[in-house]
1. Of the residues in region 213-259, how many are open to solvent by less than 20 Å² (accessible area, probe 1.4 Å), away from the ligand (no atom under 13 Å from the Cβ) and assigned to a helix (DSSP H, G or I)?
2. What pairs come up if the first residue lies in region 99-115 and is closer than 30 Å to residue 174 by Cα and without any contact (Cβ under 8 Å) to a residue 12 or more places away in the chain, the second is more than 10 Å from the ligand (Cβ to nearest atom) and in a strand (DSSP E or B), and their beta carbons are under 8 Å apart, counting only those six or more places apart or on different chains?
3. Kindly list the number of the only condition in (1) closer than 23 Å to residue 78 by Cα; (2) touching a strand residue (DSSP E or B) at 6+ places or on another chain (Cβ under 8 Å) that fails for residue 133.
4. Is it the case, given these coordinates, that residue 173 is open to solvent by 30 Å² or more (accessible area, probe 1.4 Å), outside any loop (DSSP other than H, G, I, E, B), farther than 20 Å from residue 103 by Cα and at pLDDT 95 or above?
5. Any idea which residue in region 30-64 is nearest to the chain's Cα centre (by Cα), counting only those that are more than 19 Å from residue 107 (Cβ to Cβ) and either of a type in the set (S, T, N, Q) or in a helix (DSSP H, G or I) (or both)?
6. Of the conditions (1) surrounded by fewer than 22 Cβ atoms within 10 Å (Cβ to Cβ); (2) in a helix (DSSP H, G or I); (3) within 16 Å of the ligand (Cβ to nearest atom), residue 149 clears all except one; give me its number.
7. For region 18-38, how many residues are more than 7 Å from the ligand (Cβ to nearest atom), open to solvent by 10 Å² or more (accessible area, probe 1.4 Å) and under 13 Å from residue 61 (Cα atoms)?
Amino acid sequence: MGLIDTDNRGGIFLKEFSEQRLGGRIALVTGSGSGIGRAISVRYAKEGANIIVNDINLEGANETARMIEEIGRRAMVIQADVGKLAEVEAMIEKVYNEWGRLDILVNNAGISGMPYILIEQTEEDWDRVINTNLKGTWLCSKFAAIRMLEQEKKFGELKGKIINTASISGKTATAHIGAYSASKFGVIALTQIFAKELAPDITVNAICPGFHVTAIYLNSEEVLIESMKTFKSPEILRGRLGTADDVAPLAAFLASNDSDYMTGQAINIDGGVEFH
Ligand SMILES: NC(=O)c1ccc[n+]([C@@H]2O[C@H](COP(=O)([O-])OP(=O)(O)OC[C@H]3O[C@@H](n4cnc5c(N)ncnc54)[C@H](O)[C@@H]3O)[C@@H](O)[C@H]2O)c1
């Protein structure tokens, strides 16, 4: 426990707060074998959570699990494709069989697809992107929420929290990755719909990252800068590209009791690119 000593009006009061905001929580982070999902998982572990690491990439998932265990938290790896109903249903069953509950779901798994303009878009690429980003978010939320609604409240007012990883491309269209952009508009729509349908017991909010150097850009600043030219993206007001670690604190806030009165929101974390 710690102490803070301001009431924002110059007055002083002392209020206890927990330095382990996510102490004892069980969190499932999809696509956490690299990038933003790994950064969120590590941050959650540092704030006290135990993590179920999901990815199609087993090697990456195992590495994330190792990092979580090094922090002193429990980790379990589940290799599953979020776009496939049977795999998602089995994953959630496994979580409840092994852990008995799920407090936080982060729908993070996502792919960008090929840089097509829409008239050149292939059906195969379109389906891959929509299945992973949009259908995957729906499937994981659906099966997790069914079980979350049945469980007792353990950490305050809520039975569970769902955090979706959308994008600023889900706020203003991004050319040349149209399927991706459409999928992320859809993720924001799912955020609002699930927020309404799962209220008042589960909150659902979305994170909208900007341009962060991760495997989605082949871990290359050059690839990212070239992509921004192709996308005709505006400048980043903060004057630098983002990292995966820039996103994690917002994901931790949305998973914690500090955000209990927020639901249905889509928050930009992009260094100042998108204002809506
Ligand atoms: N990097 C950025 O600039 C940026 C910007 C906006 C939004 N995002 C979003 O952040 C999320 C994470 O992306 P990232 O940048 O960390 O990329 P990343 O490629 O490093 O991580 C994505 C992870 O998802 C996994 N994955 C892919 N398809 C999957 C599936 N069907 N089932 C389970 N796992 C799957 C991958 O194996 C990978 O480990 C994505 O949803 C992405 O759209 C990223």
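The values are calculated or read from the model by the stated rules, or taken from the named source; none is laboratory data. Quantities reported herein were computed from a predicted structural model and do not represent experimental measurements. Glycine also receives a Cβ, built like all others from the backbone with ideal geometry; neighbour counts cover every protein chain displayed. Just the protein is used for accessible areas: all its heavy atoms, side chains included, with ligands, DNA and RNA removed. Shrake-Rupley method; radii C 1.70, N 1.55, O 1.52, S 1.80 Å.
1. 4
2. none
3. Only one criterion is unmet by residue 133, namely (2).
4. Details: open to solvent by 30 Å² or more (accessible area, probe 1.4 Å): yes; outside any loop (DSSP other than H, G, I, E, B): no; farther than 20 Å from residue 103 by Cα: yes; at pLDDT 95 or above: yes.
No.
5. 46
6. For residue 149, the exception is condition (3).
7. The number of residues fulfilling the criteria is 1.
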